[in-house]
Amino acid sequence: MKKLIITILAIMGGSFATLSAQEDTACSLVREGKELKVDLNLNLATEGAKSNRMIVLTPMLVGESDTLNLSSIGILGRRRYFYYERNEKRYPEVFENENFRTNERPETFRWRETLAYMPWMDGASLKVLKQVYGCCNDLLEENITDLKKYKDYHPAFQWIVPEAELSKVRALQGSAFIDFVVSQTDIRPDYRENRREIGKILSTIDSLKADSDITMDTLYIKGFASPESPYKNNTRLAKGRTLALKDYVSQLYKFDENFIITSYEPEDWAGLRRYVEESNIDNREAILEIIDCDLEPDPKEWKLKSTYPKEYKFLVENCYPALRHSDYRIVYKIRTYTDIEELKKVFQDAPAKLSLREFFTLSTTYEPGTEDFSKVFEVASLVYPDNEIAKLNAANAAMSVKDLDKAERYLAKAGDSPEATYARGVLAGLNQKYSKAKELFEKAAEGAVKASNTELQKKAQQASAEMDEFIN
């Protein structure tokens, strides 16, 4: 919103002196979301009222379709002041506002008021009505000074239409910590917590099989063992236990022969490193050096065990069990949705099944700047948290409903494309940082030229030119 800096320099001889805009004062007219804050300094130094007279100053916001009178300020002559003071109950409206006895008035008065913003206020003028009353409340003089128009900033957003996916391929993944009897590879479902751990994989498969919109493509299983030597035995265990899990799952479902693909890693040194790096274990840095060294697995494990026996024992008891795990990943496909009503239902029930393009298609059914419109892009950014286009469109949607803090958070993850730079210019403009906005629009225009984006180039150049009106 454009910040209007307005000062009444003087009120002299029953009529207004020249009024001007000065940026070195605190007087302003600023929109903040759903509020319009008016902050105005009135110079009362030369505005004295004769003994029986009263001067009333009333700021007004005057638009094409409506007018709003704000709270008045009164300056009363000596006799008039005492008269109203003695008859306060008869004239309560006088004492509801700020009033001063003429010889006790301040040199300047800071007048502030917060209004509920209405659309008609865009383009409205801030005026001051001066009325001079004589005895018996006769209106002796009245005039209005027009200070300056309030102009709202209406940005033109640059939406990004995501590319359509030819095939909506997704994946669910996790880890199952299945216990085996020492040196054995056969699965025992009732051994320790195995039924629960195996259930992680089975429940994932069941949830996908139950959804008619989903077709499962591949189940990947990768088995790991902990780094206890000998490496050769760990290779046997990791490979054998992975195949055992594959056979167990295959017996429960009628999958194609090549549906389950397995792999294995004899010793999970990467998992051990993550654990040590995130811990406060003694000799942490030295242990990490051993883990990262170029020794073969068995000599490396022996060096760790012999050099730091206390820490090694701690790791065997607290870390190694979690290194014996089976990671699984199920790749599946989701069908495409084209019917609008179906899109709305999926959005309500399972938005993660929608592609970014489908989110965008759904948004076109709502009026831009509405809560429903904004919500579509907000949910899309949650479903695709690392996608820059999702963040950029969500930022635009947030700005369309004047949620500037949320827009700023989205833009922090929207990348550095010309479109993102343009959106940051829009945000700067909405925050009344017009010089910064102009700079960003010019940068966006340069980027658009390099990207051969004629539409964005023209929009950015036009937005830059518009900033000149606000800056000046």
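Brief remarks follow.
- Qualifying residue in segment 381-394 (condition: out of contact with any Cys (no Cβ under 9 Å at 6 or more places or on another chain), assigned to a helix (DSSP H, G or I) and among the aromatic types (Phe, Trp, Tyr)): no
- Index of the failed condition, residue 432 passing every other in (1) under 26 Å from residue 118 (Cα atoms); (2) touching a Lys or Arg at 6+ places or on another chain (Cβ under 9 Å); (3) without any contact (Cβ under 8 Å) to a residue 40 or more places away in the chain; (4) not aliphatic (A, V, I, L, M): (3)
- Residue list for segment 176-191, filter: polar (S, T, N, Q) and at pLDDT 85 or above: 185
- Any hit, segment 281-298, residues being under 26 Å from residue 175 (Cα atoms) and assigned to a loop (DSSP other than H, G, I, E, B): yes
- Where a residue in segment 206-218 is under 11 Å from residue 169 (Cβ atoms) and its partner, wherever it lies, is polar (S, T, N, Q) and open to solvent by less than 90 Å² (accessible area, probe 1.4 Å), with Cβ under 8 Å and at least six apart: none
- The one condition in (1) open to solvent by 40 Å² or more (accessible area, probe 1.4 Å); (2) assigned to a loop (DSSP other than H, G, I, E, B); (3) of a type outside the set (Lys, Arg) that residue 160 fails to fulfil: (1)
- Search result, residues across segment 94-118 that are outside any strand (DSSP E or B) and over 12 Å from residue 150 (Cβ atoms): 94, 95, 96, 97, 102, 103, 104, 105, 106, 107
- Residue within segment 299-314 that is open to solvent by 30 Å² or more (accessible area, probe 1.4 Å), β-branched (Val, Ile, Thr) and modelled with pLDDT of 95 or more present: yes
- Candidate set from segment 178-211 (those that are within 37 Å of the chain's Cα centre (by Cα) and assigned to a loop (DSSP other than H, G, I, E, B)); member that is farthest from residue 335 (Cα to Cα): 210
- The set of residues in segment 354-382 that are open to solvent by 30 Å² or more (accessible area, probe 1.4 Å) and charged (D, E, K, R) comprises 357, 367, 371, 372, 375, 378.
Per-residue answers, yes or no, for (1) under 14 Å from the mean Cα position of the chain (by Cα); (2) closer than 16 Å to residue 358 by Cα:
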| position | (1), (2) |
| --- | --- |
| 379 | yes, yes |
| 391 | yes, yes |
| 396 | yes, no |
| 406 | yes, no |
| 410 | yes, no |
| 414 | yes, no |
| 421 | no, no |
| 435 | no, no |
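- Filter pass, residue 428 being buried (at least 16 other Cβ atoms within 10 Å of the Cβ), touching a Ser or Thr at 6+ places or on another chain (Cβ under 6 Å) and either within 24 Å of residue 402 (Cβ to Cβ) or not β-branched (Val, Ile, Thr) (or both): no
- Residue in segment 122-153 that is nearest to residue 40 (Cα to Cα), counting only those that are open to solvent by less than 70 Å² (accessible area, probe 1.4 Å) and within 34 Å of the chain's Cα centre (by Cα): 126
- Residues in segment 70-89 that are in contact (Cβ under 8 Å) with a residue 24 or more places away in the chain, of a type in the set (S, T, N, Q) and either open to solvent by 100 Å² or more (accessible area, probe 1.4 Å) or farther than 21 Å from residue 130 by Cα (or both): none.
- If the condition is being surrounded by fewer than 18 Cβ atoms within 10 Å (Cβ to Cβ) and in contact with a Pro (Cβ under 8 Å, 6 or more places away or on another chain), then segment 383-399 contributes only 383.
- All of 296, 265 fail the test of being open to solvent by 10 Å² or more (accessible area, probe 1.4 Å), in contact with a strand residue (DSSP E or B) (Cβ under 9 Å, 6 or more places away or on another chain) and touching a residue at least 40 places away in the same chain (Cβ under 8 Å), apart from 265.
- Scanning segment 175-217 for residues being within 23 Å of residue 351 (Cα to Cα) and of a type in the set (Ser, Thr, Tyr) gives a total of 5.
- Total residues in segment 315-367 satisfying the condition of being assigned to a loop (DSSP other than H, G, I, E, B) and not hydrophobic (A, V, I, L, M, F, W, C): the figure is 12.
Rundown of residues vs (1) open to solvent by less than 50 Å² (accessible area, probe 1.4 Å); (2) over 23 Å from residue 312 (Cβ atoms), yes/no style:
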| site | (1), (2) |
| --- | --- |
| 222 | no, yes |
| 232 | no, no |
| 240 | yes, yes |
| 244 | yes, yes |
| 247 | no, yes |
| 252 | no, yes |
| 271 | yes, no |
| 274 | no, no |
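The values are calculated or read from the model by the stated rules, or taken from the named source; none is laboratory data. All of these numbers come straight from a predicted model, not from anything done at the bench. Backbone-built Cβ (ideal geometry, glycine too); neighbour counts: all protein chains shown. These accessible areas exclude ligands, DNA and RNA; they are computed on the full protein's heavy atoms, side chains included. Shrake-Rupley method; radii C 1.70, N 1.55, O 1.52, S 1.80 Å.
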